[in-house]
Amino acid sequence: MRFLLQPLLTPPEVDGLRQALLDPAVAWHDGAATAGWHARTVKNNRQLDPASPLQQQLAADLEAALLAHPLLQAAALPLRLHTLRFSRCGPGEGYGRHVDNAFLAGGRADLSVTVFLSDPDAYSGGDLVLEHPWGDESIRLAAGEAIVYPSTLLHRVEPVVSGERLVAVGWFQSRVREADRRELLFELDTARRHLFQQEGKSEVFDLLSRCYANLLRLWGEG
Ligand code: NI
């Protein structure tokens, strides 16, 4: 299951991020340095130095915004957001077909996120393409919006043709590793919230909440 965070960031927040990242004094490095041995052959972008003070500061703010998003909490059940990178692609740059590594230094990658920081009119090409069993899906979101998708999918970033594409990408370890269980919990949670809106803390709501909590106890990791 993939889902959109629309919006994740306000226009002033996106402007602030863009200004900080596109300051000419900021150094960008070859993104291939943080790719696995096979993804390295198709990764052609630039990344902010993960150890730089700017990265630490911007990543902390973005991490807080992601983890505060109610849809992300309900659908991803994040145990931790363990990696966040800022990436840019100019003309001719992109990231060919690959699958994200199962484990990164901070944990298992169950869900990937791309936060779009450039206005879609600021570049052509550069679509994120997810390869689902039912076909390819091109994703191109407004600045400040994000997509969260299963890290199990093959995906790519089409080469940028003109302009510049600025994004943040990150990885979550979910409390529930199995995607189908995560989806069941999300639907149950959504249903009980609708019920709560309709009839408050009724007897049925309490039963559904008990079911939800106990399934999470059964399937989740803490
Ligand atoms: Ni990837």
Which three numbers, in whole Å and largest first, are the semi-axes of the equivalent ellipsoid of the range 1-57 derived from its Cα gyration tensor as √(5λ)? 24, 20, 9
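To the nearest 20 debye, what charge dipole does the chain have about its Cα centre, counting +1 at the Cβ of each Lys and Arg and -1 at the Cβ of each Asp and Glu? Before the final figure, lay out each step's value.
Numbers: 22 positive and 28 negative charges, 121 e Å.
Result for the chain is approximately 580 debye, rounded to the nearest 20.
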Given a 1.4 angstrom probe, I'd like the percentage of the accessible area of the chain that is carbon and sulfur, rounded to a whole number. 55 percent
Averaging sequence separations of C-alpha pairs under 8 Å and six or more residues apart, then dividing by the length of the range 17-158, give the relative contact order as a whole percent. 23 percent
Solvent-accessible area per residue for the chain at a 1.4 Å probe radius, Å²? 50 Å²
Largest first, what is the accessible-area ranking of Glu178, Glu199 with a 1.4 Å probe? Glu199, Glu178
With runs of 4+ DSSP H residues as the only contributors, calculate the mean residue ellipticity of the chain at 222 nm using -39,500 (n - 2.57) per run, divided by the residue total and rounded to the nearest 500. -10500 deg cm²/dmol
Dividing the convex hull volume of the Cα atoms of the range 66-211 by its residue count, what figure in Å³ per residue is obtained? 126 Å³
Set the Förster radius R0 to 30 Å, insert the Cβ-Cβ distance between His29 and His132 as r into 1/(1 + (r/R0)^6), and round the FRET efficiency to 0.05. 0.40
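The values are calculated or read from the model by the stated rules, or taken from the named source; none is laboratory data. Everything quoted here is computed from the prediction, not taken from an experiment. So basically every Cβ, Gly included, is an ideal-geometry build from the backbone, and we count neighbours across all protein chains shown. Ligands, DNA and RNA are stripped out before the accessible areas are found, and what is left, the full protein with its side chains, is counted by its heavy atoms. Shrake-Rupley method; radii C 1.70, N 1.55, O 1.52, S 1.80 Å.
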